[in-house]
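Below is one structure, written out as structure tokens, with a few remarks after it.
The values are calculated or read from the model by the stated rules, or taken from the named source; none is laboratory data. From a predicted model like this one, the values you see are computed outputs, not experimental measurements. Here the Cβ is made from the backbone with ideal geometry for all residues, glycine too, and neighbour counts use every protein chain on show. The area values use the complete protein model at the heavy-atom level, side chains included, leaving out ligands, DNA and RNA. Shrake-Rupley method; radii C 1.70, N 1.55, O 1.52, S 1.80 Å.
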Amino acid sequence: MSQIASYYRNKTILVTGAASGIGRRFTERVARYNPERLILWDRNTTALTQLRQELSATRNVQISGVDVSDPEIIQIEADNLIHQDRVPDLVLNCAGIVTGKYFHQHNFHEIGQIMQVNVAGSMWVVNAFLDAMIARGSGHIVNLASASAYIGNPKMSVYAASKWAVLGWTESLQLEMKRLQTGIDVTAIIPSYIDTGMFKGVKAPALVPILSTEAMTGHILRGVASRKKAVKVPFMVRFVPLLKAILPQSLFDWVAGSLLGVYTSMDTFKGREQETS
């Protein structure tokens, strides 16, 4: 049995944003490794039902129409699972939204919604289960950040802010779980643009190709099974913090903006309004 198969076998796995994008493809692929149970959350219950039908051969698939921007629903669902002795072994936070606008074009509702889904929602999900995971002495928390957590970008200000927050929280949580010797692993997923449809229309920067959903899911499956602290894809993403550290800001902006085209990558963004991934 491969390392990947043995890692996911017999685990209870919770995926948020499971109805589409990375969440859906991860679910489809991890089901091949015979997990004990798949717990799938998404506000799109129609797509969740279709996914459960697709996974009919998997032994236990439990779906719930959970909107991660609603902490009360999260707590109710988590309490039910804990009461049933179904504390997840692995939590994968994939739920997320983006709106491609200049900051001054956002309204209060859009700003609040992006931050609530992308940041607070992930925190609430983990917080609801963390005491039970600590008491058990094991678990794995996986948060979907972004390369935008490393670099600002026009028309991505609120999304970038949310992913910077996710990465900062994830790194802090890693340190806390290690200091407290909880036995809980924490992994940050840090990709560039992925072709899930969430970023439809973007222009890939030089040296940073748009990632296929299939390839990115493979990186996540392998990275999580290896208990990596961070999964950074593609390779160029690994160099962004170093470049920012060693280059003057003006020179870094020239490299990112004029040379690589990062700062114009969202100019052709279309997406789908308030796309959930």
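Within segment 131-139, is there a residue that is assigned to a loop (DSSP other than H, G, I, E, B), open to solvent by 10 Å² or more (accessible area, probe 1.4 Å) and either small (Gly, Ala, Ser) or more than 21 Å from TYR263 (Cβ to Cβ) (or both)? So that I can check it myself, show each step before the final result.
From segment 131-139, those assigned to a loop (DSSP other than H, G, I, E, B) are 137-138; that's our starting set.
Those still in the list that are open to solvent by 10 Å² or more (accessible area, probe 1.4 Å) too: 137-138.
Retained after the next criterion (residues that are either small (Gly, Ala, Ser) or more than 21 Å from TYR263 (Cβ to Cβ) (or both)): 137-138.
Checked against the condition, which is being assigned to a loop (DSSP other than H, G, I, E, B), open to solvent by 10 Å² or more (accessible area, probe 1.4 Å) and either small (Gly, Ala, Ser) or more than 21 Å from TYR263 (Cβ to Cβ) (or both), segment 131-139 yields at least one hit.
Residue by residue through segment 233-256, note down the ones that are within 18 Å of the chain's Cα centre (by Cα) and either open to solvent by less than 70 Å² (accessible area, probe 1.4 Å) or not basic (Lys, Arg) (or both).
So the first thing to find is which residues in segment 233-256 are within 18 Å of the chain's Cα centre (by Cα), and the list is 233-234, 237-238.
Across segment 233-256, the qualifying residues are VAL233, PRO234, VAL237.
For segment 1-56, please list each of the helices (runs of 4 or more DSSP H) lying entirely inside it that holds at least 3 residues being touching a strand residue (DSSP E or B) at 6+ places or on another chain (Cβ under 8 Å).
In segment 1-56, 21-30, 45-54 are the helices (runs of 4 or more DSSP H) which contain 3 or more residues that are touching a strand residue (DSSP E or B) at 6+ places or on another chain (Cβ under 8 Å).
Restrict the check to segment 43-63 and report whether at least one residue is β-branched (Val, Ile, Thr), closer than 22 Å to MET115 by Cα and out of contact with any His (no Cβ under 9 Å at 6 or more places or on another chain). Give the derivation first.
The initial filter retains those residues of segment 43-63 that are β-branched (Val, Ile, Thr), namely 45-46, 49, 58, 61, 63.
Remaining after also requiring closer than 22 Å to MET115 by Cα: none.
So far as segment 43-63 goes, no, none of its residues is β-branched (Val, Ile, Thr), closer than 22 Å to MET115 by Cα and out of contact with any His (no Cβ under 9 Å at 6 or more places or on another chain).
Quick check on my filter: what residues within segment 90-116 are closer than 19 Å to ASN153 by Cβ and either touching a residue at least 60 places away in the same chain (Cβ under 8 Å) or open to solvent by less than 40 Å² (accessible area, probe 1.4 Å) (or both)? First the steps, then the outcome.
First, the residues of segment 90-116 that are closer than 19 Å to ASN153 by Cβ: 96-106, 110-111, 114-115.
Within segment 90-116, GLY96, ILE97, VAL98, THR99, GLY100, HIS106, GLU110, ILE114 meet the criteria.
So which of LEU221, LEU259, LEU211 is in contact (Cβ under 8 Å) with a residue 12 or more places away in the chain, surrounded by 15 or more Cβ atoms within 10 Å (Cβ to Cβ) and farther than 26 Å from GLY139 by Cβ? Explain how you work it out, then say what you get.
Working: LEU221 fails: farther than 26 Å from GLY139 by Cβ; LEU259 fails: surrounded by 15 or more Cβ atoms within 10 Å (Cβ to Cβ).
Exactly one residue qualifies, and that residue is LEU211.
Please state which one of LYS200, LYS178 is surrounded by fewer than 18 Cβ atoms within 10 Å (Cβ to Cβ), over 23 Å from GLU28 (Cβ atoms) and basic (Lys, Arg). Explain how you work it out, then say what you get.
On the way: LYS200 fails: over 23 Å from GLU28 (Cβ atoms).
So the residue among LYS200, LYS178 that is surrounded by fewer than 18 Cβ atoms within 10 Å (Cβ to Cβ), over 23 Å from GLU28 (Cβ atoms) and basic (Lys, Arg) is LYS178.
Can you tell me which condition GLU72 does not meet? The list is (1) closer than 30 Å to ILE111 by Cα; (2) in contact (Cβ under 8 Å) with a residue 24 or more places away in the chain, and all the others hold.
Unmet condition: (2).
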